[in-house]
1. Relative contact order (percent) for the chain, with alpha-carbon contacts under 8 angstrom and 6 or more residues of separation?
2. Please compute the contact order of the range 218-368 in relative form: average sequence separation of alpha-carbon pairs under 8 Å and at least six residues apart, divided by the residue count, as a percent.
3. Would you please give the residues with an amide H less than 5 Å from that of residue 87, counting only those at least 5 places away or on a separate chain, with H modeled from the backbone geometry?
4. Hey, of [x] -0.57, -1.44; [y] -0.44, -1.27; [z] -0.72, -1.16, which did the structure itself give for log10 I(q)/I(0) by the Debye sum over Cα atoms at q = 0.08, 0.13 Å⁻¹ when calculated?
5. Whole-Hz Karplus ³J(HN,Hα) for the range 284-298, in order, using 6.51 cos²θ - 1.76 cosθ + 1.60 and θ = phi - 60°, x for Gly and Pro?
6. When a/c reaches 1.5 or more, the comparison of a/b and b/c decides; with that in mind, is the range 259-348 rounded, prolate or oblate per its Cα gyration tensor?
7. Taking square-rooted eigenvalues a ≥ b ≥ c of the alpha carbon gyration tensor, is the range 87-150 rounded, prolate or oblate, where a/c under 1.5 means rounded and, failing that, a/b exceeding b/c means prolate?
8. If R0 is 60 Å, what FRET efficiency do you get for residue 393 and residue 113 from their C-beta distance, rounded to 0.05?
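No lab work stands behind these numbers, since they all come straight from the coordinates. Nothing here was measured: the structure is a model prediction, and the numbers come from that model. As a convention, Cβ positions derive from the backbone with ideal geometry for all residues, glycine included, and neighbour counts pool all protein chains shown.
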Amino acid sequence: MSRQDSLFPTVDTWLSNQTPLAARLRPRTLAEFVGQEHLIGPGRLLRRAIEADRLFSSLIFWGPPGSGKTTLAHIIAATTRSHFVSLSAVLSGVKDIREVVIQAQRQLAQGRRTILLIDEIHRFNKAQQDALLPHVEAGTLILIGATTENPYFEVIGPLLSRARVFVFQPLTEAQILVLLTRALTDKERGLGAYPVVAAPEALQHLARLAGGDARTALNALELAVLSTPPNSLGQIDITLAIAEESIQAQAVRYDKEADAHDDTISAFIKSVRGSDVDAALYWLARMLQAGEDPKFIVRRLLILAAEDIGLADPQALVQAVAAAQALTWVGLPEAQYHLAQATIYLALAPKSNSTQAYFRALQHLQEHGSQPVPLHLRDASRDGQALGHGQGYLYPHDFPGHYVRQAYLPDAVKGRRFYEPGTEGREPDLAAAWQDRLSTKDSKAD
């Protein structure tokens, strides 16, 4: 064996213990746990319950892969004085549930409760979930169900009503960087025994491309370290190129804190506004590939739908809202379809910026100040008789076509036009009907 080989563990040594890095580094205490501060931050309900060993009900942990659901369940297992049992919904069935229940009943007779973790509980069918229900309801066992799927769709209602759902969020890049750094420095469970020199941009690339999944990032880092031979100094250099190869994705120049971020979203917005579908899809793909927050993208689509399309195609806003809802329910990577559909629709849609009318009204208000509300438009439910509030108001539904001309602006603003109709899509028809109403002569109008 050469001196260089003796400096750090060999691949053969690693192969003798094939537990993946992500499993070896699984946090064992709340102090080691990274992320989900909204659930287990200092003073949070779930944290207090875990630390006091007082789980108040069955729990459903819902979130994307690698966000810490199973890890937190194992931390509970390590801190609780209860009997703890873990099942995988992929490998277990009703028979296994019955055996756990028998054990739980024996433990309960001795004054000890049982906590049952079921990983991937969404894979249990209705019959399997029904088998759990009476024992959860009776308090024979406390259930912790971990799932990547929406429990409101995948878990039966009676079982769900007896559990509290905690929603896990994808880890941020900063949080994944904490875990990668820990992996490189931990000599007992991590890669600290290897003389690794990792370029910051390489770790940032792994963190970004992991998509909020700590397991993906750690697996890629382990692959990079174990597959990279040492240099002449005995160091394992993890460069950006090696990180790209390890996670099977090239780095996209996209610094969220610098010009590339602002320039790319600007190019996306202008491509949609300019009705260039191909360019819009290109910039969308570039942002998602670089790890941009999809919520940021969908917010821009929502703005575009009203700012640049508006009444030329009122369905554009519906498409954008639907994409936002789909992102919430589905998440990435599947929500790429919904973001792409909304992007295509908005790019193809006729364009109108007539919503700028609001800002003209706002400018007038800022320049001229506010005017009192005309008496006939004021709330008649209070002081109607004494002060004349609401008197003279014409109720549009009492007139043909549910329309009647009357003054809706203060006298000082009367006749001022803020809205300038667009000329594309549906808006000309909507505006034409509006113009016809304005030109209607009505003897009862003010």
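1. Computed value for the chain: 11 percent relative contact order.
2. Once divided by the residue count of the range 218-368, the mean separation gives 21 percent.
3. 117, 118, 119
4. Answer by label: [z].
5. 4, 4, 5, 5, 5, 5, 7, x, 4, 5, x, 5, 5, 5, 5
6. Cα axes put the range 259-348 in the oblate bin.
7. Judged from the Cα gyration tensor, the range 87-150 comes out prolate (a/c at least 1.5, a/b above b/c).
8. Efficiency, from the Cβ-Cβ distance: 0.35.
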